[in-house]
Amino acid sequence: MWNFPTRAQPPPRLLLGPGPSPVEPRIYEAMARPIVGIFDAYLSGLLDAIQERLRLAFGTTNAFTLAVPGTGSAGMETAVSNIVEPGMKLAVFANGFFCDRISEMGRRYGAGVVRLEKPWGDVFSAEEAAAFIHREKPHVVAYVHGETSSGACQPGRSICRAAREADAVVIADCVTTLGALPVAVDETGVDLAYSCSQKGLGAPPGLAPVTISPRAIERIRARGTVNPSWYLDARLLEQYFFTPRRYHVTVPVSLYYALDEALTIVAEEGLGNRFERHHRNHLAFVAGIEAMGLRMHVAPEHRLWPVNTPLVPAGIDDVKVRVRLLETHGIEILGGLGPLAGKVFRVGLMGAGSTRENVVTLLGALEECLGEQGFRPRSSAVEAAEESYTAAVA
Ligand SMILES: *Cc1c(COP(=O)(O)O)cnc(C)c1O
């Protein structure tokens, strides 16, 4: 007998990890509406409106701007697979987990990958970026704007300037930053940027916004080999995402309803206000963390607002803390990856999760869970966070 109870009864969770971020009820409601066919004029209008607002969020006028079906990594693979051809040189600024993923994709698509390495949490200076690019003379350069694994924000302007001088195109991973802080694709000079639906934008996972500059599109059109990825081939994607819309794949209609609603929320708030909110809550969280006597892994001027990486204090088991946070408070945060495993907590204050209430709730819960392992806070984290908000208003 087919007699299983439904499993889709998720426990209540406050998602304050490095993604996915909390989804507002309005977005779930949008997803619950009936789907239409993929050539329906209604969906066509919705997709156009999504693409127009993605241009605003990316800070670009690139015609090729759309949301690819798939997660953030599908965005990454769209960028890499379309611009890399076998035998090309791909230069990667390597200071975290996702830089390694880009390198791995580059190798799979036949690039010779060269890397400039830095410890996770550090960023590259303008001089280091320029020297590396001028020395290597790559075809393609890649960097991660917001390294979710380390909590560091890599500025792109000097990378893009040096790449231009070397006639290289630039890939920027904006998976964690889109919708949470300015990515300014055109102003920075990025050629291929991608993101995801589930972090700064606050929709469920499943779509990957991608934008490609006319300069990079020209190179893609001039390729001597076809993209080995059929699914992510820009030349096939654009057949559906732009008129006269020919069939490529059956796009996940409900996810576009969700992304449309998420972008409506972004527009209602205003991008500037949204960035400011992420900044303010980041600062209050850091004030609380430091008041407790913990330290942040990343130097103040390089910290990401949506992903915060406080160091695990000596003698504390980070897994136990996270298990207690989840079991007794229903709060999800994550731990470090690779070289930062056991060394940092990864706290996401992104999208709808970046609120004063969440900062205060999390700091209180964190104090309690650290206290269970004998940690004694230097002073009250919650009070310091509250003071930070008051100071910001004054
Ligand atoms: C989350 C993330 C990705 C991967 O996105 P998925 O949605 O997990 O595929 C890539 N790069 C960065 C910087 C990320 O934070």
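The values are calculated or read from the model by the stated rules, or taken from the named source; none is laboratory data. Given the structure is predicted, the values throughout are model-derived calculations rather than measurements. Here the Cβ is made from the backbone with ideal geometry for all residues, glycine too, and neighbour counts use every protein chain on show.
Answer yes or no as to whether Val226 is on the phi < 0 side of the Ramachandran plot, over 16 Å from the mean Cα position of the chain (by Cα) and among the β-branched types (Val, Ile, Thr). Lay out the reasoning, then the answer.
Values: on the phi < 0 side of the Ramachandran plot: yes; over 16 Å from the mean Cα position of the chain (by Cα): yes; among the β-branched types (Val, Ile, Thr): yes.
Here the answer is yes, as Val226 does meet what is asked.
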Looking across segment 37-78 at residues that are charged (D, E, K, R) and away from the ligand (no atom under 15 Å from the Cβ), the single one that is nearest to Leu90 (Cα to Cα) is Arg55
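Scan Pro306, Pro339, Pro300 and give me the residue that is in the same structural domain as Ala381 (by TED's automatic domain parsing), farther than 15 Å from Gly96 by Cβ, out of contact with any Pro (no Cβ under 6 Å at 6 or more places or on another chain) and not aliphatic (A, V, I, L, M).
Values: Pro306 fails: farther than 15 Å from Gly96 by Cβ; Pro339 fails: farther than 15 Å from Gly96 by Cβ.
Only one candidate qualifies: Pro300.
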Residue count, segment 88-105, condition more than 12 Å from the ligand (Cβ to nearest atom), within 18 Å of Gly72 (Cβ to Cβ) and in contact with a helix residue (DSSP H, G or I) (Cβ under 6 Å, 6 or more places away or on another chain), comes to 1
Taking first residues from segment 104-132 that are in contact (Cβ under 8 Å) with a residue 60 or more places away in the chain and within 24 Å of Met88 (Cα to Cα) and second residues anywhere that are part of a helix (DSSP H, G or I) and hydroxyl-bearing (Ser, Thr, Tyr), the pairs with Cβ under 7 Å that are 6 or more apart or on different chains are Tyr109/Ser81
Over segment 237-283, the set of residues within 23 Å of the chain's Cα centre (by Cα) and of a type in the set (D, E, K, R) is Asp260, Glu261, Glu268, Glu269, Arg274, Glu276, Arg277, Arg280
Scanning segment 304-322 for residues that are out of contact with any Asp or Glu (no Cβ under 9 Å at 6 or more places or on another chain) and of a type in the set (A, V, I, L, M), the one surrounded by the fewest Cβ atoms within 10 Å (Cβ to Cβ) turns out to be Ala314
Return yes or no: is Thr328 over 24 Å from the mean Cα position of the chain (by Cα), at pLDDT below 95 and among the hydroxyl-bearing types (Ser, Thr, Tyr)? no
Going through (1) surrounded by 14 or more Cβ atoms within 10 Å (Cβ to Cβ); (2) more than 17 Å from Ser149 (Cβ to Cβ); (3) of a type in the set (Gly, Ala, Ser) one by one, Gly336 fails only at (2)
Checked Gly189, Gly151, Gly146, Gly156 against criteria (under 19 Å from Val123 (Cβ atoms), in contact (Cβ under 8 Å) with a residue 24 or more places away in the chain, near the ligand (Cβ under 10 Å from one of its atoms) and not β-branched (Val, Ile, Thr)); the one match is Gly146
Within segment 159-186, residues within 10 Å of the ligand (Cβ to nearest atom) and charged (D, E, K, R) come out as Asp173
